[in-house]
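The values are calculated or read from the model by the stated rules, or taken from the named source; none is laboratory data. Model, not experiment: these values are computed from the prediction. Cβ placement follows ideal geometry from the backbone for every residue including glycine, while neighbour counts extend to all protein chains displayed. The area values use the complete protein model at the heavy-atom level, side chains included, leaving out ligands, DNA and RNA. Shrake-Rupley method; radii C 1.70, N 1.55, O 1.52, S 1.80 Å.
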Amino acid sequence: MRLDNQRESENVEDRRGEGGRRGFGVGRSVGIGTVILALAASYFLGIDPSVMLGLFSGGDIAPAPQSVPARRPPAGDEMARFVSKVLADTEDTWRGIFRQTGRQYQDPKLVLFTGATPSACGTGQTAMGPFYCPPDQTVYIDLAFYQDLKNRFKAPGDFAQAYVIAHEVGHHVQNLLGIMDKVQAARSRAGEAQANALSVRVELQADCLAGVWAYHADRVRNVVEAGDIEEALNAASAIGDDRIQERSRGYAVPDSFTHGTAAQRVRWFRRGLESGDLKQCNTFEARQL
Ligand SMILES: [Zn+2]
């Protein structure tokens, strides 16, 4: 990626090294069962149980306490700078797209943490992988996940790392558009297999929205270099449910998929990437995923 001339986002908060001391046990109204469910899910999926956290939990989720002022990453921290620049690029992309349709984009926050940190969706943990928490409109990421992406999922490269952020920001876009609420309502009336099928559509849509971002990063801001798109496609494929399940249990159980297969994730990312058009990302109406 060519990010030299890109601005950094103001919306990154650095909680690395805090060891989760900040405000634990205060204002957390998500039940322990929810957290266990989310952790169990993340054990099998390896990534991003945000939707589960958002969708299993009912009702009044209090925002995480903000008694300590947000700390910005230190200057000269290469990884934090990279994340800030990618987040800024998603802000520019989505502000533009929302403006075109007469809406106003609200930037999400992004929290860097190590180990564990409180969120409005319960305690965020490294093992859960990166996630988006709808009630506090925040993306949470322990950068250790990038090591996993490279070593465990065999998906190296800066654009693969950027795709992970763009996917989480995709969930934020879904939240702003009211899609998260609608899906949550539908899921509460659905059986388990049907609820999982809805999750797959949420996740594939986030992949498509990441592709829409990649289109604009490429065509408008020219940040994409040779090999970058392949890196993102490789990452999308590597974290497909079928691949992850086959790796962790030796077989795949389609009804338990909540993110989509490798082929589906690649297809929807590509669809956003090739069109740059939000309207192409309607996974809920698609007959074939
Ligand atoms: Zn996701």
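Of note:
- Distant-in-sequence amide contacts of Gly124, defined by a placed amide H-H separation under 5 Å and a gap of 5 or more residues or a different chain, comprise Thr117, Ser119.
- Of the accessible area of segment 89-186, computed with a 1.4 Å probe over protein heavy atoms only, carbon and sulfur atoms account for 47 percent.
- Here segment 146-231 is treated as an ellipsoid with the same Cα gyration tensor; its semi-axes, largest first and in whole Å, are 29, 17, 9.
- For segment 92-233, the dipole from Cβ point charges (+1 on Lys and Arg, -1 on Asp and Glu) about the Cα centre works out to 460 debye, to the nearest 20.
- Accessible surface for segment 115-156, divided over its residues, is 31 Å² per residue with a 1.4 Å probe.
- P(r) for segment 191-289, from all Cα pairs and a bin width of 10 Å, is 18, 45, 28, 9, 1 %, short bins first.
- Sequence-distant lysines (8 or more away, or on other chains) whose Cα lies within less than 26 Å of Lys109: Lys85, Lys150, Lys182, Lys279
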